[in-house]
């Protein structure tokens, strides 16, 4: 019996990552002066790798396909671990968490374009309508219910950097749908994620090496920084990637992409919580538009 595309468990799987990624954007902004972006990404995924090694032991077994399919896992590691996260932390050097997650809301559009031109997936009218509704919801968050604030929006270098990150994430999500893995590895989420993270750490190390060569790198170690590293390694990395991978396989990349548009909303709510401000009516309106876009596209 086929599982419905948007069963409650699928909705939960695809909602958890935006919550964790919203926290990741805020934390990345808070520690930007303590650790450089590429180095932050390397430390983050190195911790995640250490956690995954005992959980994903199946990846080391003979016949797991990790070495035989090294090109696939190296590309998944580059797009999902190396590029996307490094570019996001780099974007947070000059942009705000809300702006960065707002730019990421363009992922549904990029996902449709990548699927159409690189994977031969047709774009349906309902998906376009869903994308429009969802993006309107994001714009409501951006302008705080006042269209005049939207007119004053100015893009900075970090916002443009985040566009490159969203394109990388779109290709990563479509690659997850390609059934080219050994079934036993695919069924073991920790081993499957470990196969990607292992190669991803190598890419991150290469990017960090470039950062170290171009500028003197100094990390201001402290207990708050250590706590922040643990959060971004376990929450937005392991838990979010686990949920996202399972959700994408159930609902498909095009539908799953719309859930990413919840990230700016959660980012605004978390930012408001840290500032001691209560949610506003426009948050409710934005949530309704984004969720409406999700269900229209999934019909």
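Before moving on, here are some points about what is shown:
- Enumeration of residues in region 207-220 that are surrounded by fewer than 16 Cβ atoms within 10 Å (Cβ to Cβ) and touching a residue at least 12 places away in the same chain (Cβ under 8 Å): 210, 212, 215, 217, 219, 220
- Qualifying residue in region 222-244 (condition: surrounded by fewer than 16 Cβ atoms within 10 Å (Cβ to Cβ), at pLDDT 80 or above and part of a loop (DSSP other than H, G, I, E, B)): yes
The values are calculated or read from the model by the stated rules, or taken from the named source; none is laboratory data. Since this is a predicted model, take the numbers as computed values, not measurements. Backbone-built Cβ (ideal geometry, glycine too); neighbour counts: all protein chains shown.
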